[in-house]
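Single-structure report; data block below.
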Amino acid sequence: MSHSTSPLGKDLIGLEHLSAEQIRSILDTAEPFKEISERRIKKVPVLRGKTIVNLFLEPSTRTRISFEFAEKRLSADTVNIASTGSSVQKGETLVDTARNLEAMRIDMVVIRHWASGAAQFLADRIPSNVINAGDGAHEHPTQALLDILTIRDHRGSLEGLRVCVVGDIVHSRVARSNIFGLLKLGAEVAVCGPRTLLPTGIETLGVRVFHRVEEAIEWADVLNVLRLQLERMQGGFIPSLREYNRFYGVTREKIERAPRDLLILHPGPMNRGVEIDSDVADGPHSVILKQVTNGVAVRMAVLYLLAGGQPEQAEAAKRGGGGRG
Ligand code: CP
């Protein structure tokens, strides 16, 4: 199969370098794939014969399992590798690991890595398609795509919609991918957090900045609430979790003052009672579990398109027709 037939090119590393048309083609391809997960037998032969390695060198529940479901539901053969139990623990380099996998004739690698740039580094060195499942604080493109698909499902067009990403922006690959994707699709984007959790110069990406969550709630149609990434903090970013919740936590009391019908997203995993209270996470404005459901369809779409499938043939492909280049 020729990579040049893919509308996305060889790899999916981030949304920064995708066009609005490419992003829309992924979202539109995900639409027909949603239905596969609702069937009694959740399997179509779209990727039969393809071998995919899920190389997760950082913890993950949603992304790893959702990629694996997407691959299995499209009939690919899959192998999962984590650092524990692999030769990564013995010091084998990323490229050596990947080249050994290539020697066993694989087609795609889905990689999560702690280092920003790891996915691109790998993509430049192996012929297989590489999909970034989150690299350091760089990008998490499939998370942003599923966030955007969920917003589109509930609000229709992204054009002119006001989306605010709230919380730990400085450590967040999800924030960066959301900002790139949402701006390309015509949304107005803001970020909100304490100065210590906002990257210097974030405005240059084309976003508004709020330092008070009450102002962000007054402005926004959609809040995407991010987890405080406590494992990436050496201390000194916030005085205490209790104070963070008081000043930046998304609570029922705060969202009840919103002038619009707010949509609340969170990429997970959540720190309940810190960045989001349970009665918001589980309340009527929340679409958090719908994000998770959409994640499988988005990942199916990315796999299908990188394998050479065409967006306009996705409907036929899932019914057992052609559609893969
Ligand atoms: N949203 C997200 O990436 O979750 P996981 O770390 O569980 O994959």
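A few comments on the model shown:
- Subset of the range 127-137 [buried (at least 24 other Cβ atoms within 10 Å of the Cβ) and on the phi > 0 side of the Ramachandran plot]: GLY134
- Candidate set: the range 166-208, residues that are outside any helix (DSSP H, G or I) and within 17 Å of LEU263 (Cα to Cα); chosen: the one most open to solvent (accessible area, probe 1.4 Å): GLU188
- ARG242, sole failed condition from (1) within 16 Å of the ligand (Cβ to nearest atom); (2) of a type outside the set (S, T, N, Q); (3) more than 23 Å from the chain's Cα centre (by Cα): (1)
- Given (1) closer than 26 Å to GLU35 by Cβ; (2) in a helix (DSSP H, G or I), number of the condition PHE247 does not satisfy: (1)
- Qualifying positions in the range 284-306 - open to solvent by 20 Å² or more (accessible area, probe 1.4 Å) and in contact with a strand residue (DSSP E or B) (Cβ under 8 Å, 6 or more places away or on another chain): HIS285, SER286
- Check on ALA301, within 28 Å of SER128 (Cβ to Cβ) and not charged (D, E, K, R): yes
- The listed residue being open to solvent by 30 Å² or more (accessible area, probe 1.4 Å) and within 13 Å of VAL274 (Cβ to Cβ), out of TYR248, TYR244: TYR248
- The residues listed here are GLY295, GLY283, GLY308, GLY320; of these, the one that is modelled with pLDDT of 95 or more, small (Gly, Ala, Ser) and on the phi > 0 side of the Ramachandran plot is GLY308.
- Of all residues in the range 83-126, those being open to solvent by less than 40 Å² (accessible area, probe 1.4 Å) and either part of a helix (DSSP H, G or I) or touching a Lys or Arg at 6+ places or on another chain (Cβ under 8 Å) (or both) number 13.
- Any hit, the range 95-110, residues being within 16 Å of the ligand (Cβ to nearest atom) and either in contact with a helix residue (DSSP H, G or I) (Cβ under 7 Å, 6 or more places away or on another chain) or closer than 21 Å to ILE65 by Cα (or both): yes
- So ARG162, is it open to solvent by 10 Å² or more (accessible area, probe 1.4 Å), basic (Lys, Arg) and more than 16 Å from the chain's Cα centre (by Cα): yes
- Test for HIS140: is it open to solvent by 20 Å² or more (accessible area, probe 1.4 Å) and either within 13 Å of the ligand (Cβ to nearest atom) or touching a residue at least 60 places away in the same chain (Cβ under 8 Å) (or both): no
- Taking residues in the range 263-291 that are hydroxyl-bearing (Ser, Thr, Tyr), and partners anywhere that are away from the ligand (no atom under 16 Å from the Cβ), the pairs with Cβ atoms closer than 7 Å and at least 6 places apart or on different chains are SER286/VAL280.
- Of the residues making up the range 39-80, those that are open to solvent by less than 30 Å² (accessible area, probe 1.4 Å), within 13 Å of MET108 (Cβ to Cβ) and within 16 Å of the ligand (Cβ to nearest atom) are ASN54, LEU55, PHE67, ALA70, GLU71.
- Residue satisfying all of: in the range 155-165; in a strand (DSSP E or B) and not aliphatic (A, V, I, L, M); farthest from the ligand (Cβ to nearest atom) among these: ARG162
- Of all residues making up the range 9-22, the number that are surrounded by fewer than 21 Cβ atoms within 10 Å (Cβ to Cβ) and either over 16 Å from the mean Cα position of the chain (by Cα) or not polar (S, T, N, Q) (or both): 7
- When residues of the range 256-283 are limited to those that are surrounded by fewer than 20 Cβ atoms within 10 Å (Cβ to Cβ) and assigned to a helix (DSSP H, G or I), the one nearest to the ligand (Cβ to nearest atom): SER278
The values are calculated or read from the model by the stated rules, or taken from the named source; none is laboratory data. Note that the structure is predicted; figures quoted are calculated from it, not measured. Virtual Cβ from ideal backbone geometry, glycine too; neighbours counted across all protein chains shown. Side chains are part of the model used for accessible areas, which takes the heavy atoms of the whole protein and leaves out ligands, DNA and RNA. Shrake-Rupley method; radii C 1.70, N 1.55, O 1.52, S 1.80 Å.
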